[in-house]
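I have placed the structure first, in the form of structure tokens, so that the comments after it can refer back to it.
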Number of protein chains: 2
Amino acid sequence: MLKLDELDLKLLGLLQADSKKTTKEYAHRLGLSTTAVYERIKRLEKNNVIDKYVALVNKKAVNKSFLVLCHVKLVQHIKEFVLQFERQVQQLEEVTECFHISGDYDYILKINVSDMEAYRDFMVTKLTAIANIGSTQSSFVINEVKNTTAISL
Amino acid sequence: MLKLDELDLKLLGLLQADSKKTTKEYAHRLGLSTTAVYERIKRLEKNNVIDKYVALVNKKAVNKSFLVLCHVKLVQHIKEFVLQFERQVQQLEEVTECFHISGDYDYILKINVSDMEAYRDFMVTKLTAIANIGSTQSSFVINEVKNTTAISL
DNA sequence: TTTGAAATTAGGTGCTA
DNA sequence: TAGCACCTAATTTCAAA
């Protein structure tokens, strides 16, 4: 595990907020030269502290702003069925997140679609078509209070 | 609302997967010239189809891989209290997502911390310190089946 | 196609183990 | 004195027009 100093953490904070600034800009904020920053970034990339760089798209602009959190319970918890469920969920394009969780329900899924009709269609033809699903409970998102990809360091 | 054609959607797909490729690379994949791609990207940025570019960090590498989904119920739903709760949650660095949802619980929060002890500390000193919280229910993430920032277009 | 700016590389200094 | 993190300066590549 790579050891990160204070400057690395600050740099990661800046990169998580905006990865398209110039090295010069980060250097300025950190009080370092561009080369020093450049080398730190390369080190963070090589050691997989930085997974990747991505564009975040505006869900409204692409008409995918209807968000649903769906709790799922399986019928049986035989390894084979569990793995099959997980494999199939990964393939569903509407599902952006899926977590196996403790508690009453087995999984919670985050689903991005255009509207209620699209959600209904997703449920009927895709999700509940997966074998071994016991019950589901859909929670519709009324408001996104907070939604960030940045981890506080 | 900007109209997006097939090439825009493909380009957004590529940018959501990896925003650090060269324009030439995207051009090659789309069968366009670099200039055409460059102008499309600028258009997507200007029209806020692309919100921003960020680095995604590896949670394990920064010791924040203990993930909890916490359901929260408020005592009262008076506007003033609701807004206060939302404002305070936004300030909590451990909370990366917070959605106001339909159903039994009012909110669901995604919390990134280092371990159970840090979570306990978060609950005791931060979350339940917020006024007007009725009850909470924590679901610990056993496995991340899927977790992507890319919206399927 | 051209130009300017930014990324990247090269070479060298000083600190610390 | 070996290794590391840093610097400045030179070079290459790319975005931008």
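Do the conditions hold for B:ASP115, that is, is it farther than 26 Å from B:LYS60 by Cβ and of a type in the set (D, E, K, R)?
It is false that B:ASP115 is farther than 26 Å from B:LYS60 by Cβ and of a type in the set (D, E, K, R).
In the stretch A:29-38, which residues are over 17 Å from B:LYS20 (Cβ atoms) and either among the aliphatic types (A, V, I, L, M) or within 11 Å of DNA strand C (Cβ to nearest atom) (or both)?
If the condition is that a residue be over 17 Å from B:LYS20 (Cβ atoms) and either among the aliphatic types (A, V, I, L, M) or within 11 Å of DNA strand C (Cβ to nearest atom) (or both), then A:LEU30, A:LEU32, A:SER33, A:THR34, A:THR35, A:ALA36 are the ones that fit.
Select, from A:VAL49, A:VAL89, the only residue that is within 16 Å of DNA strand D (Cβ to nearest atom) and either within 29 Å of A:GLU144 (Cβ to Cβ) or of a type in the set (Ser, Thr, Tyr) (or both).
Being within 16 Å of DNA strand D (Cβ to nearest atom) and either within 29 Å of A:GLU144 (Cβ to Cβ) or of a type in the set (Ser, Thr, Tyr) (or both) holds for just one of A:VAL49, A:VAL89, which is A:VAL49.
Please enumerate the residues belonging to the stretch A:45-62 that are away from DNA strand C (no atom under 12 Å from the Cβ) and over 27 Å from B:VAL49 (Cβ atoms).
A:ASN47, A:ASN48, A:VAL49
Only one residue in A:GLN16, A:GLN76 is polar (S, T, N, Q) and closer than 20 Å to B:THR149 by Cα. Which one?
A:GLN16
So, B:VAL89, is that one in contact with a Phe, Trp or Tyr (Cβ under 8 Å, 6 or more places away or on another chain) and of a type outside the set (Lys, Arg) or not?
Yes: the conditions hold for B:VAL89.
Can we say B:LYS59 is more than 14 Å from DNA strand D (Cβ to nearest atom) and buried (at least 16 other Cβ atoms within 10 Å of the Cβ)?
yes
Exactly one condition in (1) surrounded by 14 or more Cβ atoms within 10 Å (Cβ to Cβ); (2) outside the structural domain of A:THR96 (by TED's automatic domain parsing); (3) of a type outside the set (Lys, Arg) is false for A:LEU74; which is it?
The single condition A:LEU74 does not satisfy is (2).
Quick one: in the stretch A:129-147, of everything that is touching a residue at least 24 places away in the same chain (Cβ under 8 Å) and among the polar types (S, T, N, Q), which residue is farthest from A:GLN88 (Cα to Cα)?
So, considering only residues that are touching a residue at least 24 places away in the same chain (Cβ under 8 Å) and among the polar types (S, T, N, Q), the one farthest from A:GLN88 (Cα to Cα) is A:SER139.
Among (1) surrounded by fewer than 20 Cβ atoms within 10 Å (Cβ to Cβ); (2) more than 25 Å from A:VAL54 (Cα to Cα); (3) in contact with a Lys or Arg (Cβ under 9 Å, 6 or more places away or on another chain), which single condition is A:ASN132 missing?
(3)
Within the stretch A:23-37, track down each residue that is more than 10 Å from DNA strand D (Cβ to nearest atom) and exposed (fewer than 13 other Cβ atoms within 10 Å of the Cβ).
A:LYS24
The values are calculated or read from the model by the stated rules, or taken from the named source; none is laboratory data. Keep in mind that this is a model prediction, so the values were computed, not measured. Positions of Cβ are generated from backbone atoms using ideal geometry, with glycine treated the same way; all protein chains shown enter the neighbour counts.
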